[in-house]
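Undergrad: Sharing a structure, written as structure tokens. Questions coming.
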Amino acid sequence: MSSIGPEGGNPFEGLPMFGDLARMFSKQGPVNWDVARQTATWLATDGQPEPNVDPLERIRLEELVRVADLQVSATTGLNTSIAGGILSILPVSRGDWALHSIEAYRPFLERLATSLSAAGDDGGPADAATQLLGDLGKMLGPVLLGMQSGFMMGHLARRALGQYDLPLPRLPADQLLVVPANLDAFAAEWSLVPDDFRMWVCLQEVTHHAILGRPHVRARLEALINEYVSRFEVDPEALEASLGNLDPTDAAGLQAVLGNPETLLGAMRSPGQQETLTRIETLTAVIEGYVDYVMDTTGRGLIGSYGQLAEALRRRRVEATDGERFAARLLGLELGRGQYERGATFVRGVVERAGDDGLARLWATERELPTPAELDAPGLWLARIDLPDI
């Protein structure tokens, strides 16, 4: 993965933070969140001011999300509320989406930072940041993680339709984020009917919200991602190759190094993460397979151009951007065509054997969540959940 930005070249060129290097390096903590926010906003907006979202957009989307809420509740039997309130929708700019998402992903990124700073600790009194980046660690560690967290969020914001483009739990709240600028851009690219497309996005967001709002689903996925990011291991030789000759007073050199995600990911070994990654892929594949089934069930009768939308959006999600690939590797959410197909096949297999009533049991309790072996054997899953508890 390169450090190529939206218009080519260095994605961080012109960032105002590089005009005050001393201030940038003075921040404390495992992640420099000021750097993360500045980077994310800069990349999300191309460094340009964004217009406010039209107030009529929210009225329009509120009407659609109410319809989606009723449809999803009736189809799934799930409570679509996480915090016990009324589900609402908030249209935001790309920059605001990035800032909201930094806060939503912050617990995972701080866990990652803590894991990396502690990697290689031999029990001695050495400074944790120094363990990560040698003599430059105390200065560069938080900046590197802040810069690359911002890189991820800024790139995601340029394409995100809603808040669940990545199936990642967010802070418990009954408000869904959507990005009208991205909705309009994608609709224009594919010649989609704008209101049909907005209805699709509302249905998909509400369905994800209902599933990830189940306390045991949320807890399982959060625990798996925390386990995954906690198992990253630092490769000292790779870090030395990336940072060995870096001059922290050279703004251009810093931009080149800190702006490349491989500075972070290329310096980590993670063979112990594979088993956790398999369990993450199992859960997320089932979530996406179930969402697709609900979309097919509700959307065909509700959206006139459903077939065209389904084709466009299923192509879109397997065409990952730099930010999405980086997020997938960083958080373990590596969903490709194969995972989507396995999830869809599992859900179809359950419905063929046990109907919608059998499928409704999928999110009942933690016990019903499929294992990796059951993802390709829905009959095995049905047999297990019918066994009495021991």
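The values are calculated or read from the model by the stated rules, or taken from the named source; none is laboratory data. Since this is a predicted model, take the numbers as computed values, not measurements. Neighbour counts are summed over all protein chains in view; Cβ atoms, including those assigned to glycine, are modelled from backbone coordinates with ideal geometry.
Undergrad: Under the condition of being within 18 Å of residue 329 (Cβ to Cβ) and among the charged types (D, E, K, R), which residue from the stretch 132-177 is modelled with the lowest pLDDT?
TA: Only one residue tops the list, namely 165.
Undergrad: Would you pick out the residues in the stretch 30-61 that are closer than 28 Å to residue 86 by Cα and within 24 Å of the chain's Cα centre (by Cα)?
TA: Those that are closer than 28 Å to residue 86 by Cα and within 24 Å of the chain's Cα centre (by Cα): 53, 58, 61.
Undergrad: Under 24 Å from residue 223 (Cα atoms) and part of a helix (DSSP H, G or I): which single residue out of 328, 310, 354 fits that description?
TA: On the way: 310 fails: under 24 Å from residue 223 (Cα atoms); 354 fails: under 24 Å from residue 223 (Cα atoms).
Residue meeting the stated conditions: 328.
Undergrad: List pairs: first residue in the stretch 71-96 and of a type in the set (Lys, Arg), second residue part of a helix (DSSP H, G or I) anywhere in the structure, Cβ distance under 9 angstrom, at least six positions apart or on different chains.
TA: Once the first residue is of a type in the set (Lys, Arg) and sits in the stretch 71-96, its partners that are part of a helix (DSSP H, G or I) give 94/41; 94/44; 94/45; 94/154; 94/157; 94/181; 94/182.
Undergrad: Given (1) under 17 Å from residue 319 (Cβ atoms); (2) out of contact with any Ser or Thr (no Cβ under 8 Å at 6 or more places or on another chain); (3) hydrophobic (A, V, I, L, M, F, W, C); (4) buried (at least 20 other Cβ atoms within 10 Å of the Cβ), where does residue 185 come up short, assuming only one miss?
TA: (4)
Undergrad: Name the residue that is surrounded by the fewest Cβ atoms within 10 Å (Cβ to Cβ), counting only residues in the stretch 269-294 that are of a type in the set (A, V, I, L, M, F, W, C) and within 20 Å of the chain's Cα centre (by Cα).
TA: Let us first name the residues in the stretch 269-294 that are of a type in the set (A, V, I, L, M, F, W, C), namely 277, 280, 283, 285-287, 291, 294.
Of the ones still in play, those that are also within 20 Å of the chain's Cα centre (by Cα) are 277, 280, 283, 285-287, 291.
Working: 277: 17, 280: 24, 283: 20, 285: 25, 286: 26, 287: 22, 291: 25.
Among those that are of a type in the set (A, V, I, L, M, F, W, C) and within 20 Å of the chain's Cα centre (by Cα), it is 277.
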